Amino acid sequence: KIIIVNGTVSEIETFDTTANIKMTDTISNAYIIFAFQQQHLKEAKQLKEGDSVSIKGSCSGGTYSEILETEFITFKRCAVNK
């Protein structure tokens, strides 16, 4: 199922054919990572840290990281929701 999430960009990682956009909760440090594939790479690269954005994607699950001591959720096949 495709889900739309609204939030503020906290971090951006760009690569040749993919990009990851991260949103972090400032209280719990839990975060969401949105993976953009090549067909939506251009719109992901236009985002900047601090931007308010709406992103849609397929939720691929969440987990608790004992190393980082926080929870995170990952989304795949993401696009900026216009």
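The values are calculated or read from the model by the stated rules, or taken from the named source; none is laboratory data. Because the structure is a prediction, the values reported are computed rather than measured. Every residue, glycine among them, receives a Cβ derived from its backbone with ideal geometry; neighbour counts consider all protein chains shown. Accessible surface areas use protein heavy atoms only, side chains included; no ligands, DNA or RNA. Shrake-Rupley method; radii C 1.70, N 1.55, O 1.52, S 1.80 Å.
Name the residues in region 53-66 that are within 18 Å of VAL80 (Cβ to Cβ) and open to solvent by 70 Å² or more (accessible area, probe 1.4 Å), would you? LYS56, the sole residue that qualifies. Only one of the numbered conditions (1) at pLDDT 95 or above; (2) of a type in the set (Gly, Ala, Ser); (3) over 15 Å from GLY7 (Cβ atoms); (4) exposed (fewer than 15 other Cβ atoms within 10 Å of the Cβ) is not met by GLY50, and that is (3). Selection within region 1-52: residues that are touching a Phe, Trp or Tyr at 6+ places or on another chain (Cβ under 8 Å) and of a type in the set (Ser, Thr, Tyr). The member of this set that is nearest to TYR64 (Cα to Cα) is TYR31.
Filtered by the rule that a residue be touching a residue at least 40 places away in the same chain (Cβ under 8 Å), over 14 Å from VAL80 (Cβ atoms) and open to solvent by less than 60 Å² (accessible area, probe 1.4 Å), region 11-47 gives ALA30, TYR31, ILE32, ILE33.
Taking the stated definitions as given, is VAL9 closer than 18 Å to GLY61 by Cα and of a type in the set (A, V, I, L, M)? No: the conditions fail for VAL9.
Inside region 1-80, counting only strands (runs of 3 or more DSSP E) that do not spill past its ends, which hold 2 or more residues that are of a type in the set (Lys, Arg)?
Output list reads 70-80.
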